[in-house]
Amino acid sequence: MEKTKLILTRKIQILIDLPTKEERKEALNTLYRWQNRCFRASNLIVSHMYVQEMIKDFLYLSEGVKYKLADEKKDEVGILKCSKVNTIYRMLSNRFKGEIPTDILSSLNNTLGSTFNKNKPEYWKGARSLDNFKKDMAIPFPPDCMYRLSRTADKKAFCFRIFSIPFKTYLGKDFNDKRRLLERLVDGDIKLRTSYIKLTDRKTFLMAAFEIEKDEHPLKPDKIAEASLSLEYPIVVKTGKTKFTIGTKEEFLYRRLAIQAARKRTQVGATYCKSGKGRKRKLKAVERFHEKESNYICQRIHVYSRKLIDFCIKHQVGTLILLHQEDKTEIAKEEKFVLRNWSYFELMTKIKYKAEKAGIELITA
């Protein structure tokens, strides 16, 4: 049976909703402590999982050594004091008890466990190394740990608690669907799945995972559209006798190259900027242009992919085929200019996500 559910992840800025600066600082320090424990726990989890799976390959052990990963109480050749599923959780609980909520450890264990099992064949072949986690990783939490979600009195934001820490959303002008998703969550129309808290130097974000129903459109599975990504036009799509081009080379590249040129001029002029607090202050304007370029690319790719899916829905296309993508990828690798300025992979990722949401089957040829 085809899945009708879809997980949407949205990045929402949140503020600690406490009255005094001291209370907010204390809550923020708590979040940073949890982030540090998540970083340490994640590296321990993948290390223990790897050792457990690879222990049979330790050929230098004596023949009398038992190596069956089972509870010794239930299997006479078992080497574990409890079930395999519970071993890593007990290790984490004993090491970080009282320093971090156990629900976070449980979410980490489940999430990394599923990822490890997915990549297990590559680990066995030696084609992939274990994941290495950084200190700025996000903090996972199960959906039941986010509670008291409600609208504020002015209807401009949403309040909630995560592990007894009060938060308030900051949605700004909100030109996308974040506000609507939160309203549906308050009303009980959709559910929340395992989400994350992301801490940056200045802001805190909620990486909320919403479980929603796929959009229902009167599509015809036997009706096919063929799309290709090119340099002259970001997307060219054809179904039957209808052909449609999305975007132009000048539209996409002109603005991006203009931003790059402005950043280059700013880099030259940064030499004469007042240092004050060192390198960070000198390059502040340069970083601003880097962010502008990133935001521009993201916005244009969203527009192009949205127009493609709207075209398919309008013509009731049930199957979308992306043509000659391997050839385009090879060309992009050979041409440094193309690789630097044409975002093939990001565009394909956005198309895949929007096609899945609309119920359109995507085939890459």
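The values are calculated or read from the model by the stated rules, or taken from the named source; none is laboratory data. Values in this document were obtained by computation on a predicted structure and should not be read as measured data. Here the Cβ positions follow ideal geometry from the backbone for every residue, glycine too, while neighbour counts run over all protein chains shown. In case anyone asks, the SASA skips ligands and DNA or RNA and just uses the protein heavy atoms, side chains included. Shrake-Rupley method; radii C 1.70, N 1.55, O 1.52, S 1.80 Å.
Descriptive notes on the structure:
- Pick from the range 1-46, criterion in a helix (DSSP H, G or I) and in contact with a Pro (Cβ under 9 Å, 6 or more places away or on another chain), ranking: surrounded by the most Cβ atoms within 10 Å (Cβ to Cβ): 38
- Where a residue in the range 105-128 is more than 30 Å from residue 145 (Cα to Cα) and its partner, wherever it lies, is open to solvent by 40 Å² or more (accessible area, probe 1.4 Å) and among the hydrophobic types (A, V, I, L, M, F, W, C), with Cβ under 9 Å and at least six apart: 121/127; 123/130
- Residue match in the range 142-160 (condition: open to solvent by 70 Å² or more (accessible area, probe 1.4 Å) and within 18 Å of residue 9 (Cα to Cα)): yes
- Residues within the range 291-320 that are more than 12 Å from residue 256 (Cβ to Cβ) and either of a type in the set (Gly, Ala, Ser) or more than 19 Å from the chain's Cα centre (by Cα) (or both), tallied: 18
- Unique match (being of a type outside the set (Lys, Arg), more than 18 Å from residue 360 (Cα to Cα), assigned to a helix (DSSP H, G or I) and modelled with pLDDT of 80 or more) among 289, 252: 289
- Residues satisfying the stated conditions in the range 153-184, i.e. of a type in the set (Ser, Thr, Tyr) and not in a strand (DSSP E or B): 164
- With respect to the conditions (1) at pLDDT below 80; (2) closer than 20 Å to residue 233 by Cα; (3) open to solvent by 80 Å² or more (accessible area, probe 1.4 Å); (4) not aliphatic (A, V, I, L, M), residue 272 lacks only one, and its number is (2).
- Condition broken by residue 123, with the remaining ones in (1) modelled with pLDDT of 90 or more; (2) part of a helix (DSSP H, G or I) satisfied: (1)
- When residues of the range 47-67 are limited to those that are among the polar types (S, T, N, Q) and part of a helix (DSSP H, G or I), the one modelled with the highest pLDDT: 47
- Tally of residues being open to solvent by 30 Å² or more (accessible area, probe 1.4 Å) and among the hydrophobic types (A, V, I, L, M, F, W, C) across the range 225-257: 3
- Residues of the range 118-155 that turn out to be within 19 Å of the chain's Cα centre (by Cα) and within 23 Å of residue 7 (Cβ to Cβ), as a count: 11
- Residues satisfying the criterion are absent from the range 185-207 (criterion: assigned to a helix (DSSP H, G or I), at pLDDT 90 or above and under 30 Å from residue 135 (Cβ atoms)).
- Subset of the range 176-203 (residues that are more than 17 Å from the chain's Cα centre (by Cα) and among the polar types (S, T, N, Q)): 176
- Pairs meeting the criteria (first residue in the range 214-226 and aliphatic (A, V, I, L, M), second residue open to solvent by 70 Å² or more (accessible area, probe 1.4 Å), beta carbons under 7 Å, at least 6 apart or on different chains) are 225/238.
- Restricting the range 131-152 to residues that are touching a Ser or Thr at 6+ places or on another chain (Cβ under 7 Å) and assigned to a loop (DSSP other than H, G, I, E, B), the residue that is modelled with the lowest pLDDT: 133
- Residues that are of a type in the set (Gly, Ala, Ser) and within 28 Å of the chain's Cα centre (by Cα), drawn from the range 204-255: 208, 209, 227, 228, 230, 247
- Meets criteria (of a type in the set (A, V, I, L, M), under 22 Å from residue 33 (Cβ atoms), open to solvent by less than 30 Å² (accessible area, probe 1.4 Å) and modelled with pLDDT of 90 or more) for residue 92: no
- Flag for residue 232 being charged (D, E, K, R), within 25 Å of residue 344 (Cα to Cα) and assigned to a loop (DSSP other than H, G, I, E, B): yes
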